[in-house]
Amino acid sequence: MIMKFLCVVLVFITLAVGGNCQCAIQDIQIARSRTGELVENKPEWSVTIKNECSCTQLDLHLDCNGYQTVKLVDPSILSISNDGQYCLVNNGQPIYAFGSISFTYAWDTSFPFRPISSQIACS
């Protein structure tokens, strides 16, 4: 009886610890909103990229095909590939568990940044 109890406790602990790092690209959430400012007669948009996972995500790439802006975005926060197909977030550096990174850009419409890949690092 004690052995069964210990096995159940061990399985529970294994699931509880291992289950915390079941992260995926879907754990990257992107919120966009208008700031109310205009830049060169175009509305300014605020973007917040949040890692909703209990593990760190790094080398995050977004689909940026068609993205345009009249306002310079710090390339250490968002850098666009030479072919314009994807963007690298935070210079590939970590976005820690439940952390976020933000930037603003200006264009006629909001752009639907979509996460396409990342590396997940659980400790």
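A few notes on this one:
- When the inverse distances between all different Cα atoms of region 50-123 are averaged and flipped, the Kirkwood radius reads 12.8 angstrom.
- Sorted largest first, the spans of the alpha carbon positions of region 76-116 along the three principal axes are 32, 21, 18 Å.
- Gain on full stretching of the segment that runs from Gln29 to Arg114 - 0.36 nm per residue minus C-alpha separation: 29.7 nm
- Between Ala121 and Leu72, the C-beta separation translates, for a Förster distance of 25 Å, into a calculated FRET efficiency of about 0.25.
- Heavy atoms of Ser102: accessible area, 1.4 Å probe, square angstrom to 10: 60 Å²
The values are calculated or read from the model by the stated rules, or taken from the named source; none is laboratory data. All values derive from a computational prediction rather than experimental measurement. For neighbour counting, all protein chains shown are included, and Cβ atoms are generated from backbone atoms with ideal geometry for every residue, glycine included. Remember, those area values only see protein heavy atoms, side chains included, never the ligands or the DNA or RNA. Shrake-Rupley method; radii C 1.70, N 1.55, O 1.52, S 1.80 Å.
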